[in-house]
1. Tally time: how many residues in region 154-177 are touching a Ser or Thr at 6+ places or on another chain (Cβ under 6 Å) and surrounded by fewer than 18 Cβ atoms within 10 Å (Cβ to Cβ)?
2. Right, ALA235: over 30 Å from LEU31 (Cα atoms), surrounded by 17 or more Cβ atoms within 10 Å (Cβ to Cβ) and small (Gly, Ala, Ser) or not?
3. PHE256 passes all but one of (1) under 18 Å from LEU166 (Cα atoms); (2) without any contact (Cβ under 8 Å) to a residue 40 or more places away in the chain; (3) of a type in the set (Phe, Trp, Tyr); which number fails?
4. Please indicate, with yes or no, whether at least one residue in region 139-151 is buried (at least 22 other Cβ atoms within 10 Å of the Cβ), at pLDDT 95 or above, in contact with a helix residue (DSSP H, G or I) (Cβ under 7 Å, 6 or more places away or on another chain) and not in a loop (DSSP other than H, G, I, E, B).
5. Can LEU168 be described as under 17 Å from the mean Cα position of the chain (by Cα), at negative phi and not acidic (Asp, Glu)?
6. Under the condition of being of a type in the set (S, T, N, Q) and in contact with a His (Cβ under 7 Å, 6 or more places away or on another chain), which residue from region 105-128 is farthest from ASP146 (Cα to Cα)?
7. Look through region 258-315, keep the residues that are polar (S, T, N, Q) and farther than 21 Å from PHE228 by Cβ, and return whichever of them is surrounded by the most Cβ atoms within 10 Å (Cβ to Cβ).
8. Among the residues of region 221-247, count how many are hydrophobic (A, V, I, L, M, F, W, C) and in a loop (DSSP other than H, G, I, E, B).
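The values are calculated or read from the model by the stated rules, or taken from the named source; none is laboratory data. The model shown is predicted, which means the values in this text are computed figures rather than measured ones. Note: ideal-geometry Cβ built from the backbone for every residue, glycine included; neighbour counts use all protein chains shown.
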Amino acid sequence: MKRIMILGLIISSFFFLSSCQPYEILYTDDLPFEIEMTDDDINILQITDLHLTYGIDQRDQKTFELIKALHDADRYDLIVITGDLTMSPQGPQIFSRLIRFMESLGTPWTFVFGNHESDFNDYTEYLKRIPETEHLLFKIGPKLTDGGFGNFQIVFNQEGVPFYKLYLLDSKAEIEPIEGIEDDYDSLSLAQVNWYETHVALDTVDSIVFMHIPLRQYILAENYVGTFREKRVYAQSLDTGFFDAMVYHGKSKAVFVGHDHLNDFYFYLSGIMLAYGRASGYNGYGDLEKGGRAITIDSTGSLSTRVISGSEVMS
């Protein structure tokens, strides 16, 4: 009996020590994911700011129902979640549930982190919960100075030939306030801008960009289409040159962000669309109706987009 008890203690100790081993972040290759197009158009569904808080409460359940309804209302080639997947001490566990749910939809999907995943937990607690999946397209990407986790590319191919490209970047979280600057959110680092420029300079096709926190150029919004109900744009604290790089290279046609729940507008600046998604999480702040944003790239490469409210797709 004692031998059995001792053996049990040894096994329990092994699993306890294993679970306490620090997670080593393994940066990945810089190769793009590839999606083979099955139609002439590309249809992307952007959802954002899920703010999953408890996982089992009524509001989180309604968020899952909305995502399912948005997904089922049309044919999408990809779903992009632009940050703030969770905001909870149980964030990593809820993240695991979100992965299982998204995989059940059977559609390719991806995400970038927002500024709230790390409110209660380190990013490693999320990264180590990403299993081998069939439909998730996410990689940490190469190690970049102050680059966060999740800078990567997705290419849509038509009969094996690149047709359109997506850039996804981690805009990270809050920082210590900078004197004279109103916003205390992090910014894309110079290394992230250089990473983007290295790739876009070689691109033969157009692209769009996804991140969570708006670039500072969003502050210049005028002649916008959609809703602007926040007191202001809560942007990245510094302009580190990403927008200028987009203008210079002329390949990226739009940026799609989340973060400001009461904004879903878009406008054009120097020929580039700067757009918000529609906040999708019922545990997030604000009374703007939850929904998503549909993004279409047609056979000529032209971009169009529209907001889809929950009332359009949920009975």
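1. The number of residues fulfilling the criteria is 0.
2. no
3. PHE256 satisfies every listed condition except (2).
4. Scanning region 139-151, I find no residue that is buried (at least 22 other Cβ atoms within 10 Å of the Cβ), at pLDDT 95 or above, in contact with a helix residue (DSSP H, G or I) (Cβ under 7 Å, 6 or more places away or on another chain) and not in a loop (DSSP other than H, G, I, E, B), so the answer is no.
5. Numbers: under 17 Å from the mean Cα position of the chain (by Cα): yes; at negative phi: yes; not acidic (Asp, Glu): yes.
So LEU168 passes the test.
6. Result: THR107.
7. Only one residue fits best here, namely ASN283.
8. 4
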